[in-house]
1. Regarding the range 40-48, can at least one residue be identified that is out of contact with any Ser or Thr (no Cβ under 7 Å at 6 or more places or on another chain), within 12 Å of L79 (Cβ to Cβ) and modelled with pLDDT under 95?
2. So which residues in the range 55-89 are part of a helix (DSSP H, G or I) and among the β-branched types (V, I, T)?
3. Cβ-Cβ distance below 6 Å, separation of 6 or more or different chains: which pairs start in the range 37-66 with a residue that is open to solvent by less than 40 Å² (accessible area, probe 1.4 Å) and end on one that is of a type in the set (S, T, Y)?
4. A25: closer than 29 Å to A118 by Cβ, part of a helix (DSSP H, G or I) and either open to solvent by 30 Å² or more (accessible area, probe 1.4 Å) or modelled with pLDDT under 95 (or both), yes or no?
Amino acid sequence: MSELFHEYETVIIVRPDLDDADTIAIIEKFEVILKDRGGHLLLRDDWGKRKMAYAIQNHQKGHYVLLNHLSPAEIVAELERNIRNEDRVIRFMTVLMDRAVDVPDRLEKAAEVRAQRAAEAKARAEEEARRAAEAAERGDYDDDDDDDDDDDDNDHASAD
């Protein structure tokens with residue numbers, strides 16, 4: 001009998017004082033554990049550094065990463081064991097999203113979502129580049145944001 005694959009989401013909060021390379025290395029270590037044991041990573045979504053609702057281990061912020069994956073329950077237990085052993089992880093939570101998933105169908109849907117996100121990111125980058133080029137043509141250089149405020153600051157200083 002073949003193993004049943006379930007769909008899970010694991011949110012991992014990494015210490016905010018680590019640089020991005022360290023954070024990516026930690027997350028990639030967890031991805032390797034998942035893949036080496038037969039799981040399938042559907043999506044990695046880096047949410048970046050966010051303020052937490054309350055301080056955890058004296059940290060007000062944390063670097064959030066979402067891993068959406070397909071795996072049997074045994075692999076999730078091993079993944080969570082490794083996450084618990086990683087000192088640089090502040091907190092994590094794994095949620096069962098769906099039971100007994102059709103793996104090939106779900107992998108195909110995940111590939112479509114990744115392609116759509118990549119196309120949206122490319123379109124956003126092209127739009128930003130277009131806007132920057134238009135601003136450069138018009139001569140809208142915004143090197144000093146405080147030009148207007150400098151005169152106001154001096155007026156208030158002399159009034160005291």
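1. Within the range 40-48, one or more residues are out of contact with any Ser or Thr (no Cβ under 7 Å at 6 or more places or on another chain), within 12 Å of L79 (Cβ to Cβ) and modelled with pLDDT under 95.
2. Of everything in the range 55-89, those that are part of a helix (DSSP H, G or I) and among the β-branched types (V, I, T) turn out to be I75, V76, I83.
3. If the second residue must be of a type in the set (S, T, Y), the pairs left are G39/S71; H63/T23.
4. Values: closer than 29 Å to A118 by Cβ: yes; part of a helix (DSSP H, G or I): yes; either open to solvent by 30 Å² or more (accessible area, probe 1.4 Å) or modelled with pLDDT under 95 (or both): yes.
For A25, the condition - closer than 29 Å to A118 by Cβ, part of a helix (DSSP H, G or I) and either open to solvent by 30 Å² or more (accessible area, probe 1.4 Å) or modelled with pLDDT under 95 (or both) - is met.
The values are calculated or read from the model by the stated rules, or taken from the named source; none is laboratory data. Fair warning: this is a prediction, and the values are worked out from it, not measured in the lab. Positions of Cβ are backbone-derived with ideal geometry, glycine not excepted, and every protein chain shown enters the neighbour counts. For the accessible areas, the whole protein counts, side chains as well, though only heavy atoms, and no ligand, DNA or RNA atoms are used. Shrake-Rupley method; radii C 1.70, N 1.55, O 1.52, S 1.80 Å.
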